[in-house]
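Participant: One structure, as structure tokens, below. Some questions next.
The values are calculated or read from the model by the stated rules, or taken from the named source; none is laboratory data. Small disclaimer: the values here were computed from a predicted structure and weren't measured. Note that we place each Cβ from the backbone using ideal geometry, even for glycine, and neighbour counts take in every protein chain shown. Calculation scope for accessible area: heavy atoms of the full protein, side chains included, ligands and nucleic acids excluded. Shrake-Rupley method; radii C 1.70, N 1.55, O 1.52, S 1.80 Å.
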Amino acid sequence: MSQKKVKPTKKGLLGWIFYFAGDKKGQYFVSVFFALLSVACCIAPYFMIAQIVRQLLGGVRDWNIFLQECGIVALFWLGNVVFHAISTSMSHVATFNLLGNIRKKMCDKITRVPLGTVLDMPSGALKSVMIDRIDSMETTLAHIVPEYTSNIVLSIVLVVYLFVVDWRLALACLAVLPVGLIAMCFMLKDGAARFKYALDKTKALNDTAVEYINGIEVIKAFGKSKSSYERFVVAAKEGSDCYVEWMRDCIWPHAVATVVTPTLLFSLLPIGGFMFLNGTIDASLFITVIVLAVSAIQPFLIAFTYHDDIAKAGAIFGEVGAIMTLPELDRPEKDTKKPVDNSIVLRDVRFSYHKADEGEASPSLQPASQSSATPSPRGTQQVESSPKTPEILHGINMTLPQGSYTAFVGPSGSGKSTIARLIASLWDVDSGSIEIGGVNIKNLSLQEYNRRVAYVSQDNFLFDMSVRDNIRLGREGATDAEVEEVAKKSGCYDFIMSLENGFDTIVGGSGAHLSGGERQRIAIARAMMKDAPIVILDEATAYTDPENEAIIQKSVAKLVAGKTLIVIAHRLSTVKDADKLYVIKDGVIDSAGSHEELLEKDGLYKKMWMAHIESKDE
């Protein structure tokens, strides 16, 4: 599709953190500073202890000196607590701001992405990334930046200082590290692929759970609860097995790494003792190095414990990045030219759904059924890009004058709704152009275009809020009186007042507390509240009974007077009064004209009309 190509920005973990941190990134730097002070205060007492031991060995017996030094140790301990509290407080504030920015930017991104791309993402997987995965990073991000950074820095400083004090004893301290590092390498082998595999299995579980819950009515009605539940059980077992197998393979390397790595004294004591007995080093130097070795390993081990969290955060930011770099609708930030009116012109419009987009779509967000290969237990996975699908629209040309009433009719799957969605700017055309008032819609900002167009489909979504607030979404800041007035003009005031709490009735998630017809009527009122000069009704009365449909049509006819109206309908009697009807068949315009003109042509429209009349008679 003709889309604005957004090149993926390759960022490391810290790059993503500071990108989303916004104006709070300075708090992370201050947090790292206080974390360094905290860790320094934690290590400093070791130096004081080494000094006390050296003084005792040197014959110092002044207890006042020792009391003062113990008091300094206590101050360092207090500083460690205070600085750590300040550091974590600031990092948590910055992290909560960062998580909020991630969700805001992702939501904003999705509004600029073609609708088809969003619909191709399983709702369970998208919800998992935006809610669960991002939320799981809170503890990690709040501690990684200050504590991981500070502990790594101080570990390096202490090791360097060890070499300054005595390079021979420093090498003796580090003699056991190769064994621990080799064990860590075995533990971390295929870590990224394994974690990716675990995420995919978790998403598959989320998708299966969402599908099972949403389809529970059908499952019960057709007695498929056993087979449907078995799918959920399989997904749940696979979701747990991938973690169990991973942990089972890592348990021995992890045990070796955690046991061997901290034992710096294992090699230092015999080597240092031999050097002391030979007179190569004195007691004070030996004790100093022992204390330094004990103090150096603590920050290193603390930093090591964050490795899994870093890998986890990196994988999650990879998923976030895959969404943030999806191609967007090709629209400018600001309008380059103003339309002269609200007429609509389509010129040689061609379009196909689910067109592969150079492999930029994130494979991890694709449904399991779209995967070309099953991930192996080792986490390796190969996903092929989506194949190109046949062209749906083949060179559509039409002109809809300002203030006209135009209807699209034709067999199911002919492309009527596709044309309406393209005009509503939910997708971009593959080739050709759509113009509003003589201006290509690609030269209009999404804000300006959304202001001009109101779109109502047969699958309307209501938010879990009151009827009043759902209608008010059409125009922010509308008063209660204006909402009720629009409801009256839209023909849904009476049924709203018959609800338990009238306009204050909560409609439930997706409007579940209302019938399909009631949801559609509220959606129409919401569109009318928008008062856009172009109105598109895509089977907007499909779920209403004939009596209410007639009421709605009369109400809508008054509300859209002077507006450019487009209606897609299967019931031909509802659109026979249109100024012009376009008969769509197999993605092309079969014929066009008024109701009377099309009946005279003795073509597809006449056959559809006769079939419609016969069905009404029956």
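Participant: From the residues in region 564-605 that are at pLDDT 85 or above and among the basic types (K, R), which one is farthest from P339 (Cα to Cα)?
Facilitator: Within region 564-605, the match that is farthest from P339 (Cα to Cα) is K585.
Participant: Any residue in region 43-57 that's closer than 21 Å to N151 by Cβ: show its pairings with residues that are open to solvent by less than 50 Å² (accessible area, probe 1.4 Å) and of a type in the set (S, T, Y) at Cβ separation under 8 Å, as long as the two are six or more apart or on different chains.
Facilitator: Sorted first by the residue in region 43-57, then by its partner, the pairs are I43/S295; Y46/S295; F47/S295; A50/T288.
Participant: Looking at region 427-448 only, could you name the residues that are under 15 Å from L346 (Cβ atoms) and within 28 Å of the chain's Cα centre (by Cα)? Outline the logic, then answer.
Facilitator: To start, the set of residues in region 427-448 that are under 15 Å from L346 (Cβ atoms) comprises 427-442.
W427, D428, V429, D430, I441, K442, listed by residue number.
Participant: For region 568-618, which residues satisfy the criterion of being in contact with a helix residue (DSSP H, G or I) (Cβ under 7 Å, 6 or more places away or on another chain) and polar (S, T, N, Q)?
Facilitator: The answer is S573, T574, S591.
Participant: May I pose another question? Residues of region 241-287 being in a helix (DSSP H, G or I), within 52 Å of the chain's Cα centre (by Cα) and more than 30 Å from K201 (Cα to Cα), which ones? Please lay out each step first, then the result.
Facilitator: Narrowing region 241-287 to residues in a helix (DSSP H, G or I): 241-260, 265-277, 283-287.
When the remaining residues are screened for being within 52 Å of the chain's Cα centre (by Cα), the result is 241-260, 265-268.
Once the filter is applied, which keeps residues that are in a helix (DSSP H, G or I), within 52 Å of the chain's Cα centre (by Cα) and more than 30 Å from K201 (Cα to Cα), region 241-287 yields V259, V260, L265, F266, S267, L268.
Participant: Next question, about the same structure. Give T117, T95, T139 a once-over and let me know the one that is β-branched (V, I, T), under 21 Å from A311 (Cβ atoms) and at pLDDT below 80. First the steps, then the outcome.
Facilitator: Numbers: T117 fails: under 21 Å from A311 (Cβ atoms); T95 fails: at pLDDT below 80.
Among T117, T95, T139, only T139 is β-branched (V, I, T), under 21 Å from A311 (Cβ atoms) and at pLDDT below 80.
Participant: I've got another one for you. Any chance you could count how many residues in region 187-204 are within 14 Å of H307 (Cα to Cα) and in a helix (DSSP H, G or I)?
Facilitator: Looking only at that region, the number is 5.
Participant: Hey, among the residues in region 221-258 that are of a type in the set (S, T, Y) and modelled with pLDDT under 75, which one's surrounded by the fewest Cβ atoms within 10 Å (Cβ to Cβ)?
Facilitator: Restricting attention to region 221-258, the residues satisfying the condition of being of a type in the set (S, T, Y) are 225, 227-229, 240, 243, 258.
Checking the rest, the ones that are also modelled with pLDDT under 75 come to 225, 227-229, 258.
Values: S225: 12, S227: 9, S228: 18, Y229: 12, T258: 16.
The qualifying residue surrounded by the fewest Cβ atoms within 10 Å (Cβ to Cβ) is S227.
Participant: Do we find that I213 is within 30 Å of G15 (Cβ to Cβ), free of Cβ contacts under 8 Å to residues at least 60 places away in the same chain and open to solvent by 60 Å² or more (accessible area, probe 1.4 Å) in this structure?
Facilitator: Criteria not met by I213.
Participant: For region 34-89, what are the residues that are surrounded by 19 or more Cβ atoms within 10 Å (Cβ to Cβ) and among the β-branched types (V, I, T)?
Facilitator: Scanning region 34-89 gives V39, I43, T88.
Participant: For G26, are the conditions met, namely being exposed (fewer than 15 other Cβ atoms within 10 Å of the Cβ) and within 24 Å of H143 (Cα to Cα)? Working first, answer last.
Facilitator: Values: exposed (fewer than 15 other Cβ atoms within 10 Å of the Cβ): yes; within 24 Å of H143 (Cα to Cα): yes.
Here the answer is yes, as G26 does meet what is asked.
Participant: Filter region 471-492 down to residues that are open to solvent by 50 Å² or more (accessible area, probe 1.4 Å) and not in a helix (DSSP H, G or I), then give me how many there are.
Facilitator: 5
Participant: Further question: For M121, indicate whether it is touching a helix residue (DSSP H, G or I) at 6+ places or on another chain (Cβ under 7 Å) and in contact (Cβ under 8 Å) with a residue 40 or more places away in the chain.
Facilitator: Values: touching a helix residue (DSSP H, G or I) at 6+ places or on another chain (Cβ under 7 Å): yes; in contact (Cβ under 8 Å) with a residue 40 or more places away in the chain: yes.
Yes.
Participant: Another question, then. Inside region 493-507, can you point out the residues that are part of a loop (DSSP other than H, G, I, E, B) and over 12 Å from R468 (Cβ atoms)? Lay out the reasoning, then the answer.
Facilitator: So in region 493-507, the residues part of a loop (DSSP other than H, G, I, E, B) come out as 498-501, 505, 507.
Of everything in region 493-507, those that are part of a loop (DSSP other than H, G, I, E, B) and over 12 Å from R468 (Cβ atoms) turn out to be S498, E500.
Participant: Which condition does T418 not pass, out of (1) open to solvent by 50 Å² or more (accessible area, probe 1.4 Å); (2) under 23 Å from D348 (Cα atoms); (3) not in a loop (DSSP other than H, G, I, E, B); (4) not aromatic (F, W, Y), if it passes all the others?
Facilitator: (1)
Participant: Those residues that are free of Cβ contacts under 8 Å to residues at least 60 places away in the same chain and open to solvent by less than 20 Å² (accessible area, probe 1.4 Å), I need them from region 461-470; list them, please.
Facilitator: The answer is S466, V467, N470.
Participant: State which residue is surrounded by the fewest Cβ atoms within 10 Å (Cβ to Cβ) when the search covers only region 142-186 and only residues that are hydroxyl-bearing (S, T, Y) and closer than 30 Å to T95 by Cβ. Don't jump to the end; show me each part of the working.
Facilitator: Residues of region 142-186 hydroxyl-bearing (S, T, Y): 148-150, 155, 161.
Of the ones still in play, those that are also closer than 30 Å to T95 by Cβ are 148-150, 155.
Values: Y148: 22, T149: 20, S150: 27, S155: 22.
Once the filter is applied, the top-ranked residue is T149.
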